[in-house]
């Protein structure tokens, strides 16, 4: 099982990283500001690295969760082997370990949120910092994992305790954070922008982008 896990981790990271790299490359390098094209040289190795680090970051949370539930599964396995497990005993064991199950689920949820925050921030910063508009403008992103994670947690609390009524507040807070973490360097006056004639497809393109959910926020 250890050997299989060791083999699967880099394989999963490679597949996820390659798919993410191809998706972002297709998305960014087919965008235009007017008729001025966006350009980004995105390397698959960078996305694979972020995916691998995300998996490794999740492992401690996974180990702690399994450690909390380990005694329950070990006892149940031993009872099944000796043929002494009944429905009543299984129910009693489950109830006695309910608190451990609850904490294990919370730990896994927190770990998933931490990993998701890291990967969103790392990928966004990399994609933005590799992206140029025409020849003179360069995008920058300075999001931080800790601050982005704090934003997600506080937004979740706002929506939960307001029963969803303060969802617009959470959206505004997210938009402000993203805007404060985004910059453009270069002389905008030197950018020769011409309106794109095919404006009718804008709404369709936005819907397709949201469907793919590439998460770069361009």
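The values are calculated or read from the model by the stated rules, or taken from the named source; none is laboratory data. Keep in mind that what you see is a predicted model, and the values were worked out from it rather than measured. FYI the Cβ positions are ideal-geometry reconstructions off the backbone, even for glycines, and counts take in every protein chain you see.
Going by the conditions given, is residue 125 assigned to a helix (DSSP H, G or I), in contact with a strand residue (DSSP E or B) (Cβ under 6 Å, 6 or more places away or on another chain) and free of Cβ contacts under 8 Å to residues at least 24 places away in the same chain? Even if it seems obvious, please write down each step before you answer.
Details: assigned to a helix (DSSP H, G or I): yes; in contact with a strand residue (DSSP E or B) (Cβ under 6 Å, 6 or more places away or on another chain): yes; free of Cβ contacts under 8 Å to residues at least 24 places away in the same chain: yes.
Criteria met by residue 125.
Within region 140-186, which residues are in contact (Cβ under 8 Å) with a residue 40 or more places away in the chain and outside any helix (DSSP H, G or I)? Explain how you work it out, then say what you get.
Filtering region 140-186 down to residues in contact (Cβ under 8 Å) with a residue 40 or more places away in the chain leaves 140-142, 153, 181-186.
Answer for region 140-186, where residues must be in contact (Cβ under 8 Å) with a residue 40 or more places away in the chain and outside any helix (DSSP H, G or I): 140, 141, 142, 181, 182, 183, 184, 185, 186.
Any residue in region 39-55 that is without any contact (Cβ under 8 Å) to a residue 12 or more places away in the chain, outside any helix (DSSP H, G or I) and either surrounded by fewer than 15 Cβ atoms within 10 Å (Cβ to Cβ) or under 21 Å from the mean Cα position of the chain (by Cα) (or both)?
The answer is no, given that none of the residues of region 39-55 is without any contact (Cβ under 8 Å) to a residue 12 or more places away in the chain, outside any helix (DSSP H, G or I) and either surrounded by fewer than 15 Cβ atoms within 10 Å (Cβ to Cβ) or under 21 Å from the mean Cα position of the chain (by Cα) (or both).
Return the residues of region 1-24 that are assigned to a helix (DSSP H, G or I) and out of contact with any helix residue (DSSP H, G or I) (no Cβ under 9 Å at 6 or more places or on another chain); say none if nothing qualifies.
As a first pass, look at region 1-24 and keep what is assigned to a helix (DSSP H, G or I): 2-24.
2, 3, 4, 5, 6, 7, 8, 11 - these are the residues of region 1-24 that are assigned to a helix (DSSP H, G or I) and out of contact with any helix residue (DSSP H, G or I) (no Cβ under 9 Å at 6 or more places or on another chain).
From the list 162, 174, 181, 147, exactly one residue is more than 17 Å from residue 32 (Cα to Cα), in contact with a strand residue (DSSP E or B) (Cβ under 9 Å, 6 or more places away or on another chain) and either surrounded by 12 or more Cβ atoms within 10 Å (Cβ to Cβ) or modelled with pLDDT under 90 (or both). Which is it? Outline the logic, then answer.
Numbers: 162 fails: in contact with a strand residue (DSSP E or B) (Cβ under 9 Å, 6 or more places away or on another chain); 174 fails: in contact with a strand residue (DSSP E or B) (Cβ under 9 Å, 6 or more places away or on another chain); 147 fails: in contact with a strand residue (DSSP E or B) (Cβ under 9 Å, 6 or more places away or on another chain).
Residue meeting the stated conditions: 181.
Looking at region 3-25, I want the residues that are without any contact (Cβ under 8 Å) to a residue 24 or more places away in the chain and have a partner that is surrounded by 11 or more Cβ atoms within 10 Å (Cβ to Cβ) and outside any helix (DSSP H, G or I) with Cβ atoms under 6 Å, at least 6 apart or on another chain. Which pairs are those?
Matching pairs, first to second residue: 25/42.
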